[in-house]
1. Return P(r) of the chain (all Cα-Cα pairs; 20 Å bins starting at 0; whole %; ordered from short to long distances).
2. Extension gain residue 75-residue 58, at 0.36 nm per residue separation less the Cα-Cα distance, in nm?
3. Could you give the length gained by full extension between residue 414 and residue 87, i.e. 0.36 nm per residue of separation minus their alpha carbon distance, to one decimal place?
4. Taking a spot 7 Å from the Cα of residue 180 along the direction of its beta carbon, which residues of the stretch 143-173 have an amide N less than 13 Å from it?
5. For the ranges 17-26, 326-335, what's the packing order if you count other beta-carbon atoms within 10 Å of each residue, average per peptide, and put the highest first?
6. Between residue 307 and residue 285, how many nm apart are label points set 7 Å from Cα along the C-beta direction?
7. Rounded, prolate or oblate: which fits the stretch 126-226, taking a ≥ b ≥ c as square roots of the Cα gyration tensor eigenvalues, rounded meaning a/c under 1.5, else prolate when a/b beats b/c?
8. Quick one: work out the % antiparallel among DSSP beta bridges in the chain, nearest 5.
Ligand SMILES: Cc1cc2nc3c(=O)[nH]c(=O)nc-3n(C[C@H](O)[C@H](O)[C@H](O)COP(=O)(O)OP(=O)(O)OC[C@H]3O[C@@H](n4cnc5c(N)ncnc54)[C@H](O)[C@@H]3O)c2cc1C
């Protein structure tokens with residue numbers, strides 16, 4: 001079996017993983033990023049979602065996230081250099097109602113990620129089409145991660161490992177305690193429809209048609225429907241499919257992918273036949289993959305809870321700030337409002353370094369939506385900009401561990417915070 005040795009291995013090149021890999025390399029560690037797709041970006045590029053939620057504190061309009069997420073928005077021309085407020089963003093790419101910002105082109109995100117990775121090629125290597133599939137644990141450490149790719153099975157021996165798989169794959173296989181929500185949030189296949197000419201009847205008709213299709217048994221589940229004209233005035237980006245499934249179960253994940261694709265086409269065909277504005281439309285693309293909101297999360301040294309969000313608990317070792325509302329998608333049909341419950345809007349809250357540190361294994365961190373948080377709290381901390389900020393913190397910590405010749409599990413979170421702040425990242429401050 002081929003063997004690769006590195007200081008830091010980042011598994012998964014999604015929102016958290018790309019930030020983790022860049023920050024680890026920029027802080028001096030020899031870093032390898034592996035990603036199962038042929039590109040980085042995770043939800044942004046594998047599902048096609050353009051939103052950077054968790055950046056803006058909705059009531060004040062101020063950014064609570066800086067660092068790499070903001071750098072990405074600057075590079076894509078969405079944010080001005082030195083931007084700190086929603087008014088410093090391109091006005092055609094924001095909705096003040098949601099406190100949301102989006103990028104104009106998800107394909108460009110693949111290109112930007114490649115460029116940023118290659119710019120760091122003295123210390124950062126990427127292997128696409130490479131899926132982590134097993135781990136070897138020895139003396140409470142991840143001794144190796146086994147990756148499957150076109151070289152066959154590859155054994156990667158890293159001094160520190162960062163799990164950014166979204167599903168906590170590495171942590172789970174290494175025997176770290178993890179939990180899942182009951183019920184899990186459903187999966188969604190996003191798709192795009194071209195040549196739509198929206199008229200005032202379009203939205204109501206689109207909703208009515210889906211309610212009928214559901215009642216008549218042609219569409220098992222749906223939500224919204226969200227008809228979003230984010231990319232062009234005549235292109236409808238649709239969030240409306242909803243498939244309950246457990247994406248950590250290979251057979252169930254496959255069933256969900258097939259169902260999501262079928263439902264996306266059912267929605268398109270119903271609208272094309274019956275909704276004013278869709279008469280001459282065509283199906284551009286979906287995904288390429290169905291989107292997974294919710295699977296495993298580690299039970300780390302600290303668990304972010306709803307109470308922490310309600311009381312804005314402060315932590316000396318805060319490495320990121322969250323601010324998104326409780327965005328809990330129920331597994332059943334919901335018309336209009338996509339989320340269930342109160343949609344509680346927290347004030348900007350601290351996320352402790354210890355939510356990235358799993359139990360039982362000393363050289364592993366977990367960043368992104370599978371960090372340590374309760375079901376309710378993770379409905380807020382799972383969003384993209386927050387996931388990127390957590391990834392940046394994990395990469396910084398791993399590089400500090402390499403420099404100090406210690407394990408990431410024993411790195412002092414206050415030191416991570418200090419380094420992040422020196423690099424213009426880290427948690428929100430009033431400065
Ligand atoms: C349908 C949907 C809609 C959403 N809407 C919004 C929204 O509007 N705004 C918002 O901010 N957030 C939204 N979210 C939430 C948000 O996108 C995610 O929670 C966020 O992407 C989490 O980042 P992550 O890095 O943890 O995971 P991801 O971005 O999913 O990245 C995980 C990466 O790991 C890779 N990977 C997985 N397993 C392996 C493995 N074993 N080996 C190698 N690579 C692996 C994947 O291919 C992927 O690239 C939505 C999520 C979904 C699913």
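Each reported figure results from applying straightforward, stated rules to the coordinates on display, with no laboratory input. Just so it is clear, the model here is predicted, and its values are computed rather than measured. Every residue, glycine among them, receives a Cβ derived from its backbone with ideal geometry; neighbour counts consider all protein chains shown.
1. 28, 58, 14, 0
2. Roughly 3.8 nm would be gained on extension.
3. On the way: separation 327, 0.36 × 327 = 117.72 nm, distance 3.15 nm.
Extending this stretch completely gives an extra 114.6 nm.
4. Zone members listed by number: 167-169.
5. Values: 17-26: 30.8, 326-335: 17.0.
Packing order, densest peptide first, comes out as 17-26, 326-335.
6. 4.7
7. Working: a/c = 3.92, a/b = 2.46, b/c = 1.59.
Prolate.
8. Details: 40 of 63 bridges.
So the antiparallel bridges in the chain amount to around 65 percent.
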